[in-house]
Every structure is written in structure tokens, then in C-alpha cells.
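None of the figures in this text is laboratory data; all of them are computed from the coordinates on show. From a predicted model like this one, the values you see are computed outputs, not experimental measurements. Positions of Cβ are backbone-derived with ideal geometry, glycine not excepted, and every protein chain shown enters the neighbour counts.
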Amino acid sequence: MTACYQGVLLNLPMEKQFGYAYVVPYNTKITRIINGREVQEWINQAQFQMGYKGYIQLAQRSGQYLDMSVSDVKENELVNYDRLKGTSFNWIQNEDEREKLSIIGYVAYFKMVNGFEKTLYMTKEQMENHFMKYSKTYAKNKSFYIASFDEMALKTVLTSLLLRKWGIMSVLSYNKLINQIRQLLQLMMKRFILIMIAI
């Protein structure tokens, strides 16, 4: 239920086909008291997960961006990689020909209203290493990531650029969201207790 509230508070549709946000089951370890003893067990718990389109939506709402884009990079499209000055590409214009080529990396770009612009490029190998390092589920459940690898990679390169390094997000920041959810859950718990007392 908390996962759905997060989507509502951010005003992002949760339908999978839109790609803004998802409810994803994660294995979570919990501790229960059974017959006076602590017992640990794993349960599937629904968690809110924002898609890369959701991050773009929040960034657009901030009013700080003139342009923003994210894309895969195919063979022969990377012209120059410069860690300090940015990366240049020669995009293949024929989409049918482009579709046949292998993906070698992922790129995110934005330009702000004040003129500041930034590009971040990550190779496919860097992306796989990132998933191995930061995702507990990647090694255990590669089949899920293989099925949605490109979308996860687009989200990762975009969030690395926007959230962790250079960008500005909407005033509906994640901290504000968490506080709103906490207040909402406390209110629901109070109402639940009042209902139980009345019964």
C-alpha cells in the first residue's frame, strides 16, 4: 500500500505500459514474535520503484530544464569519449539499420535554462558492473534484469546524471515524499486503532 501512496503523492501513473513508476516485489527479511520467540523470515514486499520516465517528469516539473534526453548507444555511434569535456556521437539516422546493431552503452543529456548542460555516458560493461555492485537482486535474479536491462540502464545513467551529480529535481523531492508517506501512515494507524477500540 505504501508503494501505491508514493506514486499518488508524486502524481505518477503506476501502469507498467507508461514506464513512469512500478510496484516491484522484493524479498525482505522481517522478524516476528511467535510463541515468545523471535523468528526471522523472508517475505515478498511491494516497493515503489520509479522508472526513468518518472525521473524525467519530476525534472521537467522543476522548470529548470530546456532539454533532456536519454538513449542507448549502438556500435559505431561513439565518436569521442572525454571524461572532462563530454562525449560526442554520430547517430545512425536509419532506424532499421540501427536496430540491427548491438548496444555498446547508454547516454543521458540535459540543458538547463541558465545554459548549463551535461552529458553522461556509461558503457554496457560499466552498467553491468554497476548492477553487480549496487543491486542485491542482480546476481540472484539475472533473468529479471536481462528482460528489462535496457530500461534499467537508461534509468541508471539518467539518475546518476540528474540525482547524484549535476541536476535539479522538482520541489517534490524524495525527502519530502518520505515525510508525507510517514505522516499518512501514522494517520492511517491512528484511525485503525480507533476502529479496533470501537469494536
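Can you give the relative contact order of the stretch 63-168 as a percent, counting alpha carbon pairs under 8 Å and 6+ residues apart?
29 percent
Given 0.36 nm per residue, what is the gain on full extension from residue 97 to residue 62 after removing their alpha carbon distance, in nm?
Length difference between fully extended and current span is 8.9 nm.
Please tell me which of these pairs span more than 18 angstrom C-alpha to C-alpha: 53/155; 118/165; 29/133?
29/133
What number does the stretch 1-106 give for Rg over Rh if you use C-alpha atoms and the Kirkwood radius?
Using Cα coordinates only, the ratio equals 1.18.
Jot down the radius of gyration and Dmax of the stretch 63-168, Cα atoms only, both in angstrom.
When restricted to Cα atoms, the stretch 63-168 yields Rg and Dmax of 14.6, 44 Å.
What FRET efficiency comes out for residue 71 versus residue 46 if R0 is 25 angstrom and r is the Cβ-Cβ distance? Round to the nearest 0.05.
Calculated transfer efficiency: 0.25.
Quick one: Karplus J couplings for the stretch 96-106, per residue in order, coefficients 6.51, -1.76, 1.60, θ = phi - 60°, nearest Hz, x for Gly and Pro?
5, 5, 4, 4, 6, 8, 7, 7, 10, x, 9
Could you tell me the calculated FRET efficiency between residue 83 and residue 113, based on Cβ-Cβ distance and R0 = 25 angstrom, to the nearest 0.05?
Working from the Cβ atoms, E equals 0.45.
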